[in-house]
Amino acid sequence: MRSVPVVQVQGLVKRYGPKTAVDGLDLSVGAGTVTSVLGPNGAGKTTTVETCEGYRRPDAGTVRVLGLDPLADAAALRPRIGVMLQSGGVYPGARADEMLRHTAKLHAHPLDVDTLIERLGLGSCGRTAYRRLSGGQQQRLGLAMAVIGRPELVFLDEPTAGLDPQARRATWELVREMRADGVTVVLTTHSMDEAEQLSDDVAIIDAGRVVAQGSPEALCRGGAENTLRFTGRPGLDLAALLKALPADTAAVELTPGTYRVTGKINPQLLATVTSWCAQHGVMPDRIAVEQHTLEDVFLELTGKELRG
């Protein structure tokens with residue numbers, strides 16, 4: 001028997017005047033998973049997540065978070081979730097350590113504040129007013145405030161935006177540890193690498209709807225079925241190569257020494273290409289079955305034009 005989703009959104013509609021930001025969106029988030037919500041600017045992802053957090057009232061549809069209505073059951077829900085906003089949520093004059101300690105006191109069983117400060121590298125800025133923190137320091141403080149109460153579910157909005165590589169890695173490790181502890185994480189990100197590295201599930205939103213959802217592996221799998229790339233010396237006789245391959249196969253030299261073979265890519269075709277290269281004294285520097293990246297899938301589904 002499947003468990004009830006931690007987040008269940010059905011037919012969500014949200015309008016701002018004449019503009020429909022979310023248009024009948026469905027989204028499901030499983031317990032103990034990391035789910036990345038991706039989408040171009042204006043796609044509706046922020047509105048969707050803010051509705052799940054209880055900051056927006058839907059115009060139509062239903063939203064259930066941990067089985068509760070984020071608005072009607074807000075008092076019961078808030079102690080069980082953590083929310084990291086991309087900016088704001090902290091009094092500008094408050095010092096980082098006092099803000100985190102204050103937040104900890106609002107929870108029954110918070111994490112150890114000093115340990116979390118050390119973990120996220122906030123020790124050197126603990127006595128600094130929030131408005132004087134760097135963007136990366138504000139991000140790390142926001143993350144700490146979101147997780148300090150040991151929530152069952154955490155919403156993270158662009159958690160690594162503006163972070164240096166060390167802080168980014170520390171954030172990833174914390175997210176992975178939360179998942180290992182059974183915490184459900186929903187994050188929005190523009191980093192495809194982050195989504196691929198962290199996510200059990202990815203939901204791509206465009207024009208107010210989920211246009212694709214699944215594991216990164218499942219979403220990227222399609223590109224492996226029909227393209228093989230290899231490199232060798234420039235000017236290979238591709239007509240001779242094609243004679244050794246099935247009739248429905250094509251080959252092209254993309255740039256000098258870089259070749260693409262398209263068709264039904266299977267172990268037999270791969271063996272034929274490597275055998276042909278060996279017979280003609282060609283040493284491929286690199287040969288690989290091409291797979292789509294998550295960015296490829298994202299651009300195919302949402303288009304390549306810039307969004308405002």
Taking alpha-carbon centroids only, the stretch 27-65 lies from the stretch 127-171 a number of Å equal to 20 Å
If N is the residue count of the stretch 162-308, its Cα Rg over 2.2 N^0.38 Å rounds to 1.38
Here, Ala31 and Arg176, labelled 7 Å along Cα→Cβ, have an inter-label distance in nm of 2.5 nm
Rounded to the nearest 10, the angle in degrees between the Cα long axis of helix 96-105 and the longest principal axis of the Cα atoms of the chain comes to 70 degrees
Each label sits 7 Å from Cα toward the beta-carbon; between Leu301 and Arg286 the label points are separated, in nm, by 2.7 nm
Computed over the chain, protein heavy atoms only, probe 1.4 angstrom, the accessible area per residue in square angstrom equals 51 Å²
Expressed as a percent, the accessible surface of the chain that is carbon or sulfur, using a 1.4 Å probe and the full set of protein chains, is 50 percent
With Val90 itself left out, Lys, Arg at +1 and Asp, Glu at -1 over residues whose Cβ is under 11 Å from its Cβ give +1
Unit-weight point scatterers at every alpha-carbon of the stretch 201-262, Debye formula, q = 0.12, 0.15, 0.16 1/Å: log10 I(q)/I(0) is -0.50, -0.63, -0.66
In nanometres, the difference between 0.36 nm per residue of separation and the alpha-carbon distance of Gln279 and Ala247 is 9.5 nm
Contact order relative to length for the chain, counting C-alpha pairs under 8 Å separated by 6 or more residues, stands in percent at 20 percent
In this structure, the FRET efficiency calculated for Asn226 and Tyr55 from their beta-carbon separation, with R0 = 45 Å, to the nearest 0.05, is 0.55
Summing -39500 (n - 2.57) over every DSSP H run of at least 4 in the chain, dividing by its residue total and rounding to the nearest 500, the 222 nm mean residue ellipticity is -9000 deg cm²/dmol
The chain: spread of alpha-carbon positions along the three principal axes, whole Å, largest first, is 73, 46, 43
Expressed in angstrom, Rg and Dmax over the Cα atoms of the stretch 96-249 are 22.7, 74
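The values are calculated or read from the model by the stated rules, or taken from the named source; none is laboratory data. Computed from a predicted model, the values in this text were never measured in an experiment. Cβ coordinates were reconstructed from backbone atoms using ideal geometry, including for glycine residues, and neighbour counts include every protein chain displayed. When the accessible area is computed, the model is the full protein with side chains, heavy atoms only, and any ligands, DNA or RNA have been set aside. Shrake-Rupley method; radii C 1.70, N 1.55, O 1.52, S 1.80 Å.
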